[in-house]
Structures are given as C-alpha cells and as structure tokens.
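The values are calculated or read from the model by the stated rules, or taken from the named source; none is laboratory data. Remember, it's a predicted structure, so these values are computed and weren't measured experimentally. All Cβ positions, glycine included, derive from the backbone under ideal geometry; neighbour counts span all protein chains shown. When the accessible area is computed, the model is the full protein with side chains, heavy atoms only, and any ligands, DNA or RNA have been set aside. Shrake-Rupley method; radii C 1.70, N 1.55, O 1.52, S 1.80 Å.
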Amino acid sequence: MYPKTYIEIIYEICSKYNICVESISDTTVLKLTLNNIIHYIWSRRFDISTSVSARLADNKFETYRVLETNNIPVVKCAKITRLFTEEYKDSGETNFSICNNMLLKYGSIVIKPNSSYEGYDVYKCTSTKRIEEILNILYNKYKYIVISPLINIKSEYRAIYFNGEILLIYEKQLPYVISDGKTSLIELLIKKDYCSYIKMFSDDELCKVYHKGKRINLNWKFNLSQGSYCSIIDEQQSLYNKLNSLAISAANAINITFASVDIVIDTDEKLRILEINSGVAMDQFIMKVNGGRKIATSIYEKVIKHMFCL
C-alpha cells in the first residue's frame, strides 16, 4: 500500500491537469490517462526511463561496474550468488573467502542484497563469524548479494535527478545523543525516548558513561526510514556544485531520466556515489522537512507533466 500523502499528491497533480487516475486492483500500479495517452506509476517508479536504465539503477553491482567503467567515483562493490543456484559458479574462490578477503583488507564490510532499498537486510560485519551468520540469513531470501567496504562516512547526501538536472539535494544526518558525563548510555536513550536504538549497542556500551559532550551516533545507516534526519543543501553552499556535478554524471552514465542518487563523503573529504535508485521515494522527506510536501509535489508534478508533454 502507498502512504496516504503520496497518493494524495499524485491525485492532486492529476486533477490539476485533468489526468484520469486508476488504481489497478491487487497491484501497486497506478494507470494515468490523458487524451488516450496512457502512462503507469509502479511504486515510486514512473515509466519515463528505459527499462535497461531502470534495471541498472536497481542493481547495485551493475551500477557500480558501469560507473567504474566511466571513471565516476563510486564505492567499491563485489557480487556473489546464492550457493547451488543455476547462476552460481565455483571459481575456486568461495563466497565466504570473497567476503573475508575484503574484511581483511578494509577491517569492516557491508553485506546486503543486490536490490536492497531503505536499509533493509543491510548488515555490517567486523568478524568472520558475523560474515557466516549474515550470508546464511541472506541466502534464504536473495539470489544475489553484494559486498562493499564499510567507509568512514562523514555525511551522506541524496540528489533528486530529473531529465538532465538536479531538482533537490539534501543531507542525511544520523540520530545521536550527547553525553552529559554523568548518565549511562542506556539511561540517555530511555530519557530521550530512543529505546528502539538500545538493540544497536552491546551491554558494555549501554552501561558506559561517556565523557561530557561526546556525540554518540545511534545508527550507522543513513536511511531516513531508519531514524536519520535531513536538511536541504542550499545552492549557494560551496559543496552544492560538487554534489550536483557528480550526481548528474552518475545519472547520465546509466542513461536514466528520473532517479535518486546517493553520494557519500568520507573523512578524507572524498565524494563517491553509493547507489542510484529508479524509485524516487519522498515520504520520509515530506515528514521530516518543513515544506517537504510542497517540494515533493513540485518534483512529482514536473515528472507527470513530462510524461504527457504538458
């Protein structure tokens, strides 16, 4: 099911331009019709990109290879296939050894589905035991899995790309608490009504009293759906042009028309593409930014007008 606000926005835009909207039963597909011209919206995907570019965007490894081939800075990625499937090939290097070799090289790795979104089934591994546990979990759900080094991310940004330009860039900010130097972490979490984050820490970490003023991040994933905040990057900020240029280059490399482009900057100030998504979801943005609904409506309106050449 779609969130209520998203559906309201789509219907408001279509009503404005006399576009008929039909929700196809037992699906998440919306059928839009104007003057016998038909277009579809499926989930947050609008049918204006080619099928190849949309599939590329939703395939982490293929996106990585295309960007790498085009000399676009991108977070390193390797792909493995679930054991004993038709596509699985025993090349002499096992899935575990591929993961473990990356772990030995970088110290920490991220393992996730090749088609992951919103941080679901994305795991951080810092030990061989953890690698075994996570591979077994993901084997039961997915055929293709990707592995990347865990980067020491300073900030993560999302750029909304449409038809050759960037319509919006915002920064994702991890939830955190500041230690008062007297209260244990678990007491801080309870006091701030952050009980859902207790599971993110070990017992030793929860009982520890950190020095006064220390910022303690409550998650390592920057997904808004998992508690991160966001703030819009103003076009006048010096970083904006760099983010804008990199996002456009990445989107153009896979020849997509409408997408969200995630960019990370590490502690060495190096910008890299993390991923591209063909589905442009703004539900969390709408809830967490003042005026977010108006901004989202403006973006979706441009796309729908483009669909019908209005």
TODO: Within region 209-220, identify whether any single residue is assigned to a loop (DSSP other than H, G, I, E, B), within 25 Å of ALA296 (Cα to Cα), within 14 Å of the chain's Cα centre (by Cα) and touching a residue at least 40 places away in the same chain (Cβ under 8 Å), and answer yes or no.
DONE: no
TODO: Could you grab me the full set of residues in region 1-37 that are closer than 17 Å to ILE299 by Cβ, part of a loop (DSSP other than H, G, I, E, B) and in contact with a Leu (Cβ under 8 Å, 6 or more places away or on another chain)?
DONE: TYR17, ILE19
Task: Long-range neighbours under 7 Å by Cβ, at least six apart or interchain, first residue under 18 Å from THR63 (Cβ atoms) within region 93-114, second open to solvent by less than 20 Å² (accessible area, probe 1.4 Å) and of a type in the set (Gly, Ala, Ser) - done: VAL110/SER148
Open item on the list: Just checking, does region 42-59 include any residue being surrounded by 15 or more Cβ atoms within 10 Å (Cβ to Cβ), part of a strand (DSSP E or B) and in contact with a Phe, Trp or Tyr (Cβ under 6 Å, 6 or more places away or on another chain)?
Closed with: yes
Task: Of residues in region 274-302 being of a type in the set (Val, Ile, Thr) and more than 11 Å from the chain's Cα centre (by Cα), the one nearest to SER51 (Cα to Cα) - done: ILE299
Task: Hey, TYR210 at pLDDT 95 or above, out of contact with any Pro (no Cβ under 9 Å at 6 or more places or on another chain) and among the hydroxyl-bearing types (Ser, Thr, Tyr) or not - done: no
- [ ] Please enumerate the residues belonging to region 28-41 that are of a type outside the set (A, V, I, L, M, F, W, C) and either open to solvent by 70 Å² or more (accessible area, probe 1.4 Å) or touching a residue at least 60 places away in the same chain (Cβ under 8 Å) (or both).
- [x] ASN35, ASN36, HIS39, TYR40
Task: Test: SER249 is of a type in the set (Gly, Ala, Ser) and either touching a Gly at 6+ places or on another chain (Cβ under 7 Å) or modelled with pLDDT under 95 (or both) - done: no
TODO: Answer yes or no as to whether LYS124 is charged (D, E, K, R), under 20 Å from the mean Cα position of the chain (by Cα), under 27 Å from ASP262 (Cα atoms) and not in a loop (DSSP other than H, G, I, E, B).
DONE: yes
- [ ] State which residue is surrounded by the fewest Cβ atoms within 10 Å (Cβ to Cβ) when the search covers only region 99-134 and only residues that are β-branched (Val, Ile, Thr) and under 20 Å from GLU275 (Cβ atoms).
- [x] VAL122
Task: Checking ASP268 against (1) of a type outside the set (Val, Ile, Thr); (2) touching a residue at least 12 places away in the same chain (Cβ under 8 Å); (3) within 16 Å of GLU156 (Cβ to Cβ), the condition it does not meet - done: (2)
